[in-house]
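Okay, structure first, notes after.
The values are calculated or read from the model by the stated rules, or taken from the named source; none is laboratory data. In this text, all values refer to a predicted model and were calculated from it rather than measured experimentally. No Cβ is skipped: glycine too gets one built from the backbone with ideal geometry, and neighbour counts run over all protein chains shown.
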Amino acid sequence: SIYNVVDDKTEVREYFNTEGFNRWNKIYSESDEVNKVQLDIRTGHDQTIQKILNWVKDDGDINGKTVCDCGCGVGSLAIPLAQMGATVSASDISSSMSTEASRRASSLGITTADFYTSDLESVEGNYDTVTCVDVAIHYPTEQMEGMIGHLCGLADRRVIFSFAPKTWWFVGLKKIGELFPGPSKTTRAYLHEEEKVRMAMEKAGFKIEREEFTGTNFYFSKLLEAVKV
Ligand code: SAM
């Protein structure tokens, strides 16, 4: 229901402004204050980011092109894209995240990336490339098609999107995780059926051109590049 959606978003925002920020800011850094699970997640996430950067490199010049990164976290993707010459507009529902991303970018002397706090659905404009990496885990199934439709509406050329795929194996792992949640509070996590994600992109007028899967012990992410038809 609509109440569920509001609750999910409020919960996600609060989590990523507090405990979630501390946890993920450490994972998305070189800090050695991480446990084995967090280190494994860092490794998997780094691989996803590297795969995206390799696609962008293989395509040639991103210099001067516009990129909109939705749910940018601490800027793990937005920052290297700006360093490659893209003009980046990046946002996150958590102000702790967008502020940290902005701080990291400034400390690296980056002037071509703008970071602000926004819910993905409120992001506006038109960009060559729209990216949204590992954010869909916070979206209930019923919200996915609308979310993908919104991202596609912002993109002049392509969308780069990742999500945790719903396969029997990961569903099982997630159940085990829920039985043993550990000491830290987290948010609800949603896995998504790949077929539904692909259909939502096609419905929005996009065609899947490239794909990758990244899996470590605790990190699973399917990555798609969809290009406007
Ligand atoms: N995309 C970044 C990356 O790959 O490094 C961060 C990934 S992190 C697992 C998920 C991020 O999505 C968090 O920073 C969270 O605040 C953000 N997020 C969750 N729901 C969101 C929403 N509805 N709108 C914008 N950001 C959202």
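Within the stretch 151-163, the set of residues being assigned to a helix (DSSP H, G or I) and more than 13 Å from Glu202 (Cα to Cα) comprises just one member, Leu154. Only one of (1) outside any helix (DSSP H, G or I); (2) more than 9 Å from the ligand (Cβ to nearest atom); (3) of a type outside the set (A, V, I, L, M, F, W, C) fails for Asp134. Which number is that? Just one mismatch for Asp134, condition (2). Which one of these does Glu124 not meet: (1) more than 8 Å from the ligand (Cβ to nearest atom); (2) in a loop (DSSP other than H, G, I, E, B); (3) charged (D, E, K, R); (4) touching a residue at least 40 places away in the same chain (Cβ under 8 Å)? If we test Glu124 against (1) more than 8 Å from the ligand (Cβ to nearest atom); (2) in a loop (DSSP other than H, G, I, E, B); (3) charged (D, E, K, R); (4) touching a residue at least 40 places away in the same chain (Cβ under 8 Å), just (4) comes out false. Considering only residues in the stretch 53-73 that are surrounded by fewer than 21 Cβ atoms within 10 Å (Cβ to Cβ) and not in a loop (DSSP other than H, G, I, E, B), the one that is nearest to the chain's Cα centre (by Cα) turns out to be Leu53. Of all residues in the stretch 130-142, those that are within 12 Å of Cys72 (Cβ to Cβ) and touching a residue at least 12 places away in the same chain (Cβ under 8 Å) have Cβ atoms under 7 Å from Cβ atoms of residues that are within 11 Å of the ligand (Cβ to nearest atom) and acidic (Asp, Glu), 6 or more apart or on another chain, in Thr131/Asp69. Residue-level analysis places Thr129 outside the set of residues that are within 12 Å of the ligand (Cβ to nearest atom), β-branched (Val, Ile, Thr) and in contact with an Asp or Glu (Cβ under 9 Å, 6 or more places away or on another chain). Of everything listed in (1) near the ligand (Cβ under 9 Å from one of its atoms); (2) not in a helix (DSSP H, G or I), the single unmet condition for His45 is (2). From the list Glu202, Glu209, the lone residue that is within 27 Å of Thr66 (Cβ to Cβ), modelled with pLDDT of 95 or more and not in a strand (DSSP E or B) is Glu202. State whether the residues of the stretch 58-69 include one that is under 20 Å from Asn17 (Cβ atoms) and either touching a Gly at 6+ places or on another chain (Cβ under 6 Å) or within 15 Å of the ligand (Cβ to nearest atom) (or both). Yes, that holds for at least one residue.
Each residue in the stretch 203-214 was checked for being out of contact with any strand residue (DSSP E or B) (no Cβ under 7 Å at 6 or more places or on another chain) and surrounded by 15 or more Cβ atoms within 10 Å (Cβ to Cβ), and 1 pass.
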